[in-house]
Amino acid sequence: MSKWLTALLISLCCFSNVQASEDVKNLLQLEAHAYQLTSDISILALQQGGDRYHQRLNQTIASGDATADKLSQRWPQVSSQWQQSVRFTNDQRQSAADNSDVNLTNGLEAVQQLLYQAIHTAKSELSVEEISSENYATYEALVLLEKMVAEYMFFNLNVFGGMAAVNTQMAENAASFRDAVSRMTAAEGIKQQVLRKWNFIEKTLLNYNNQSATFIVMKTTDKIREMLIS
């Protein structure tokens, strides 16, 4: 009986650890999707629509919906706030494509800040063990990448779209991204591939105030994202 109970407790402990690891992965993935949502509607507006950009947005929403659903039990506020951002995005996507609403960026920033805050609150509840999990640095790098690209796309939408200027934390995020990549448990070859691709767009992102290369940044980010989560 004692051996059976011990085995059961060990099994439950292992299951709990696996579930916690999945929760962390899904939370960070949703944070990445949140920034990607900002990027995708921004580039949709910058490109004035187009099927390929609507499709990108649809794919991000579908992936985010699936991830948010997995978080709905532990963090219902995060899941609910994601859905609010999706509703705003779908309501505004045509006016974004038409570049017909000067208040688009204000509304987008407001709804996304609520989502980012909900995710930040959830992350503050993570245990030391959860943020020390094996793949945490990989997803941390992914979030930082998506955050920088979202800032870059949103800045371009504001400035080159003729709207209000915004502040960014590009330099700080770039340094944090390199640090996160260095802490990844992936093979050194993968890390070097990620950094080579990153080097290709880093200067462009850091020079966001003077240089617009949204298509190149978008395509290179797609490749880095694939490397990180493959």
Go over the candidates S100, S95, S21 one by one and state the one that is over 25 Å from A122 (Cβ atoms), modelled with pLDDT under 95 and in a helix (DSSP H, G or I).
S95
Identify the residue in segment 133-149 that is surrounded by fewer than 23 Cβ atoms within 10 Å (Cβ to Cβ) and small (G, A, S) and, among all such residues, is modelled with the lowest pLDDT.
S133
Of these, T138, T168, which one is under 22 Å from V217 (Cβ atoms) and part of a loop (DSSP other than H, G, I, E, B)?
T168
Here are A118, A122, A62: which of them is open to solvent by less than 80 Å² (accessible area, probe 1.4 Å) and either free of Cβ contacts under 8 Å to residues at least 12 places away in the same chain or closer than 22 Å to T214 by Cα (or both)?
A62
Scan segment 133-145 and give yes if some residue there is farther than 24 Å from T60 by Cα and of a type in the set (A, V, I, L, M), otherwise no.
no
Being touching a Ser or Thr at 6+ places or on another chain (Cβ under 6 Å) and at negative phi is true for just one of V143, V159, V111. Which residue is that?
V111
Across segment 207-230, what is the total count of residues that are part of a loop (DSSP other than H, G, I, E, B), under 17 Å from L46 (Cβ atoms) and without any contact (Cβ under 8 Å) to a residue 24 or more places away in the chain?
3
Name the residue, out of M170, M184, that is in contact with a Phe, Trp or Tyr (Cβ under 7 Å, 6 or more places away or on another chain) and of a type outside the set (S, T, Y).
M170
Let me confirm something: among A96, A45, A68, A110, which residue is free of Cβ contacts under 8 Å to residues at least 12 places away in the same chain and hydrophobic (A, V, I, L, M, F, W, C)?
A110
Residue selected from segment 65-104 under the condition open to solvent by 40 Å² or more (accessible area, probe 1.4 Å) and among the aliphatic types (A, V, I, L, M), by the criterion farthest from the chain's Cα centre (by Cα):
V102
If only one of E109, E130 is open to solvent by less than 60 Å² (accessible area, probe 1.4 Å) and modelled with pLDDT under 95, which one is it?
E130
Residues of segment 185-226 that turn out to be among the aliphatic types (A, V, I, L, M) and within 17 Å of K147 (Cβ to Cβ), as a count
7
Can you list residue pairs whose Cβ atoms sit under 7 Å apart, with the first residue in segment 188-206 being without any contact (Cβ under 8 Å) to a residue 60 or more places away in the chain and under 24 Å from T168 (Cα atoms) and the second being open to solvent by 40 Å² or more (accessible area, probe 1.4 Å) and of a type outside the set (A, V, I, L, M, F, W, C)? Count only pairs 6 or more apart in sequence or on different chains.
K197/K223; T204/Q211
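The values are calculated or read from the model by the stated rules, or taken from the named source; none is laboratory data. What you see is a predicted model; the values in this text were computed from it and never measured. We place every Cβ from the backbone using ideal geometry, glycine too, and count neighbours over all the protein chains shown. In case anyone asks, the SASA skips ligands and DNA or RNA and just uses the protein heavy atoms, side chains included. Shrake-Rupley method; radii C 1.70, N 1.55, O 1.52, S 1.80 Å.
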